[in-house]
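Some notes on the structure that comes next.
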Amino acid sequence: MKAPINPRVLSEREAATYVGLSVHTLRNFRIESPERSPRWYRNGKKILYDIADLDIYLDRLRAETGAGQ
């Protein structure tokens, strides 16, 4: 039995869950407000998000809102 792979990238649905947004909101940020969206990649028809970029996005939000201070 193979060990499960720990992916470096997440699907759109997985990324939305990771950052606490709906898929719809994450998609809207990507399309209508790119400056508010985490960095994303296209692989064919799939939209993918690198976990490191999602962490940067969350850190940026925390800094902007002053959360955790």
What angle do you read, to the nearest 10 degrees and between 0 and 90, between the alpha-carbon axis of helix 51-65 and the longest principal axis of the chain?
-> 10 degrees
What is the diffusion coefficient of region 22-69 in µm²/s, taking the Kirkwood radius over Cα pairs and the Stokes-Einstein relation at 20 °C with a viscosity of 1.002 mPa s?
-> 184 µm²/s
With Glu35 itself left out, Lys, Arg at +1 and Asp, Glu at -1 over residues whose Cβ is under 13 Å from its Cβ give +2
GNM flexibility winner over the chain from Tyr57, Tyr49, Tyr41 (Cα, springs under 10 Å) = Tyr41
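Readers should treat all values here as calculations from the given coordinates under stated rules, not as data from a laboratory. All values derive from a computational prediction rather than experimental measurement. Cβ: placed from backbone, ideal geometry, glycine included. Neighbour counts: every protein chain shown.
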